[in-house]
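Working notes, beginning with the structure itself.
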Amino acid sequence: ETGVTQSPTHLIKTRGQQVTLRCSSQSGHNTVSWYQQALGQGPQFIFQYYREEENGRGNFPPRFSGLQFPNYSSELNVNALELDDSALYLCASSQQGDEETQYFGPGTRLLVL
Amino acid sequence: SQKIEQNSEALNIQEGKTATLTCNYTNYSPAYLQWYRQDPGRGPVFLLLIRENEKEKRKERLKVTFDTTLKQSLFHITASQPADSATYLCALGFMDSNYQLIWGAGTKLIIKP
C-alpha cells in the first residue's frame with residue numbers, strides 16, 4: 001500500500017449532477033496529481049497541485065476543478081456530469097526532489113447514469 | 001501524431017518463463033520512462049524508472065531496456081509466477097511539463113501455472 005487514500009471508493013451519479021472526490025496524500029508529499037482512467041485505457045492527466053496552487057493541466061474542460069489544502073490533501077470537483085465522465089479517478093502524490101516517482105491511491109470508481 | 005502503443009492483446013506465458021512486454025512511442029521525446037503494474041480496480045503501482053541516457057535497468061526479477069533511437073522500451077519479468085498476472089502500463093515522463101505522465105493503455109499479462 002502506498003499511503004495515498006481516496007474517498008469514496010465507488011459513486012453513482014446522474015447526468016448533470018456535481019461530484020467531489022477526495023484524496024489524502026502520502027505523508028510528506030506536497031504534490032498531488034489527478035488522473036482519469038476509462039475502462040481499458042491508460043490514465044489521462046487532469047491536473048496537478050503543488051502547495052495549494054494548480055501547477056499544470058491536461059486537456060480537460062473547466063468543469064473539472066480542484067483544490068489542495070494546507071495539509072496537502074486534495075479534492076477533484078466535476079460539474080455538469082456527462083455519461084463519458086464514467087471512469088476510475090486516480091490521485092497520485094509525490095514529494096519535492098523526487099517528483100518523478102508518483103504514488104497512486106486505489107481510485108474512485110464513478111458511474112454516471 | 002503522437003501515440004504510445006502497448007500490446008493490446010493479452011500475453012499468456014507459462015510459469016517459470018520470461019515475459020516480455022513492449023512499449024513503442026512516436027513523436028515524443030521523453031526524459032524518462034516508467035513501468036507500472038495495475039491490478040483490477042486498483043491504482044497503478046510504480047515498478048521501475050529508466051532515463052533517456054540509460055540503456056538498461058534491473059530490479060530483482062524485472063529488467064527494463066530503453067532505446068531512444070527505436071523509441072521503444074522492453075519490460076522483462078524472469079522466472080514468472082502466477083502472482084505476476086496483472087496489467088502493465090508504460091508511461092512517458094517529461095521534465096519540462098511538471099513531471100506530467102503520458103500513458104499507454106497497458107498490456108494484460110497472464111501467467112499460467
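Looking at segment A:95-108 only, could you name the residues that are more than 7 Å from every other protein chain (Cβ to nearest Cβ) and surrounded by fewer than 19 Cβ atoms within 10 Å (Cβ to Cβ)? Those that are more than 7 Å from every other protein chain (Cβ to nearest Cβ) and surrounded by fewer than 19 Cβ atoms within 10 Å (Cβ to Cβ): A:95, A:96, A:97, A:98. State whether the residues of segment B:20-28 include one that is within 30 Å of residue A:10 (Cβ to Cβ), open to solvent by 50 Å² or more (accessible area, probe 1.4 Å), hydrophobic (A, V, I, L, M, F, W, C) and touching a strand residue (DSSP E or B) at 6+ places or on another chain (Cβ under 8 Å). No, because not a single residue in segment B:20-28 is within 30 Å of residue A:10 (Cβ to Cβ), open to solvent by 50 Å² or more (accessible area, probe 1.4 Å), hydrophobic (A, V, I, L, M, F, W, C) and touching a strand residue (DSSP E or B) at 6+ places or on another chain (Cβ under 8 Å). Residues in segment B:39-58 that are closer than 28 Å to residue A:88 by Cα, open to solvent by 20 Å² or more (accessible area, probe 1.4 Å) and either in contact with a Leu (Cβ under 7 Å, 6 or more places away or on another chain) or in a loop (DSSP other than H, G, I, E, B) (or both): 5 in all.
This table checks each residue for (1) at pLDDT 95 or above; (2) at positive phi; (3) crowded, with 21+ Cβ neighbours inside 10 Å.
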residue: B:82; (1), (2), (3): yes, no, no
residue: B:102; (1), (2), (3): no, no, yes
residue: B:110; (1), (2), (3): yes, no, no
residue: B:113; (1), (2), (3): no, no, no
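Within segment A:72-84, restricting attention to residues that are without any contact (Cβ under 8 Å) to a residue 60 or more places away in the chain and not aliphatic (A, V, I, L, M), the residue that is farthest from residue A:10 (Cα to Cα) is A:72. Across segment B:6-19, the qualifying residues are those that are more than 12 Å from every other protein chain (Cβ to nearest Cβ) and surrounded by 12 or more Cβ atoms within 10 Å (Cβ to Cβ), and the one among them that is nearest to residue B:101 (Cα to Cα) is B:7. Among the residues examined, residue B:30 does not qualify as under 25 Å from residue A:93 (Cα atoms) and within 10 Å of chain A (Cβ to nearest Cβ).
One line per residue, one yes/no per condition, for (1) out of contact with any strand residue (DSSP E or B) (no Cβ under 8 Å at 6 or more places or on another chain); (2) more than 14 Å from every other protein chain (Cβ to nearest Cβ); (3) hydrophobic (A, V, I, L, M, F, W, C):
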site	(1), (2), (3)
A:45	no, no, yes
A:48	no, no, no
A:82	no, yes, no
A:110	no, no, yes
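Would you point out which residue out of B:10, B:19, B:83, B:31 is of a type outside the set (S, T, N, Q) and under 18 Å from residue A:102 (Cβ atoms)? It is B:31.
If only residues of segment B:1-38 that are of a type in the set (A, V, I, L, M) and not in a strand (DSSP E or B) are counted, the one that is nearest to residue B:75 (Cα to Cα) is B:10.
The values are calculated or read from the model by the stated rules, or taken from the named source; none is laboratory data. Nothing here was measured: the structure is a model prediction, and the numbers come from that model. Cβ atoms come from the backbone with ideal geometry, glycine included; neighbour counts cover every protein chain shown. Accessible surface is based on the protein model in full, side chains and every heavy atom, while ligands, DNA and RNA are left aside. Shrake-Rupley method; radii C 1.70, N 1.55, O 1.52, S 1.80 Å.
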